[in-house]
Amino acid sequence: MSQVIAEMSMSLDGYITGPNHSARLPLGKGGERLHEWIYELTSGRELHGLAGGEFNQDAELIAESNRRTGAVILGRTMFDHGHPFWGDTPPFHMPVFILTHEARPAEIKNGGTTYTFVTDGIERALEHAKAAAGSKDVKIAGGANVIQQYIGAGLLDELLITLVPILLGNGQKLFEHIHSPNIEFVRTAVIESPNVTHLRFRLFHHTNA
């Protein structure tokens, strides 16, 4: 059964970017350290068309995520920041739906990635993504504000947090604008590796009686 998932690397002090993130510095100052555990993995390199790399438990985790995902949802800011770096062969290789207030034509890229711009809200974007994904999962890839919107609306089924043992001091926090007491996080797995710890949660959104 298709699930709506999000996966995010986070520092020990709760940040998913470093300070002063911008179009020129999408991950903020020092934020690239959040993703260093991925760079030399076989499954991480494969997404960028690169061979080789290290195969371990982290690589298998990413490979499994890639296998089960059939569509991706992005916020417009994340798209604008990442688009220049992703180039003509982006690392998605599947349909990508971008939340935006500005209508624009869809873009077909190399390697199976298509960009579709959705102007009528998170629910509509999810409908499009589920239709494209079929029996596979839909990944809410970010940024933080978009993940917060899906959590707050009770539309996220699963969250994987990769806890990276660094301190960033400032930046974007994953849960900064979520204040609902009705959201329950149930831990379903703790996966340890040499450099990071993966925490998997199921999310339940309880309505008031």
| Across 10 Å bins from 0, what is the distribution of all Cα-Cα pair distances for segment 1-57, in whole percents? | 21, 36, 36, 7
| query | Residues with beta-carbon under 14 Å from that of residue 67, excluding residue 67: net charge, scoring Lys, Arg +1 and Asp, Glu -1? | reply | -2
| note | Convex hull around the C-alpha positions of segment 71-184: the volume in Å³ per residue is 136 Å³
| note | Note: probe point = Cα of residue 195 + 7 Å toward Cβ; backbone nitrogen < 20 Å; residues of segment 78-96 passing the test are 91
| said: Counting other beta carbons within 10 Å of each residue's own, what order do 120, 58, 157 fall into, fewest first? | reply: 120, 157, 58
| note | Among the Cα-Cα pairs of the chain, the proportion with separation greater than 33 Å, in percent, is 9 percent
| Relative contact order (%) - the chain, alpha-carbon pairs under 8 angstrom, separation at least six | 29 percent
| message | Could you tell me the center-to-center distance, by alpha carbons, between segment 187-209 and segment 117-131 in angstrom? | response | 25 Å
| query | So which lysines pass the test for residue 29, namely a Cα distance under 21 Å, with those fewer than 8 places away in the same chain ruled out? | reply | 173
| task | Pull up the DSSP beta bridges for the chain and report the antiparallel fraction as a percent, rounded to 5. | result | 45 percent
| note | Low-density loop GluC sites (Glu not before Pro), segment 62-168, at most 15 other Cβ within 10 Å, DSSP non-H/G/I/E/B, are 102
| query | If each of residue 145 and residue 163 carries a label point 7 Å out from its Cα toward its Cβ, how far apart are those two points in nm? | reply | 2.9 nm
| said: Multiplying the sequence separation of residue 67 and residue 185 by 0.36 nm and subtracting their Cα-Cα distance, what value in nm do you get? | reply: 40.0 nm
| field | 12 Å beta-carbon shell around residue 154, net charge (K/R +1, D/E -1) | value | -3
| What are the chymotrypsin sites (Phe, Trp or Tyr not before Pro) within segment 6-98 that DSSP puts in a loop, where the Cβ has at most 13 other Cβ atoms within 10 Å? | 55
| task | Hey, for a label at residue 39 modelled as a point 7 Å past Cα toward Cβ, could you say which residues of segment 80-103 have their backbone N under 17 Å away? | result | 85-86
| task | Give the calculated FRET efficiency between residue 170 and residue 88 to the nearest 0.05, with a Förster radius of 25 Å applied to their Cβ-Cβ distance. | result | 0.15
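Quick note: the coordinates plus some simple rules give every number you see, no bench work behind them. Quick caveat, the model's predicted, so the values are computed rather than measured. Here Cβ is always computed from backbone atoms with ideal geometry, including for glycine, and neighbour counts include all displayed protein chains.
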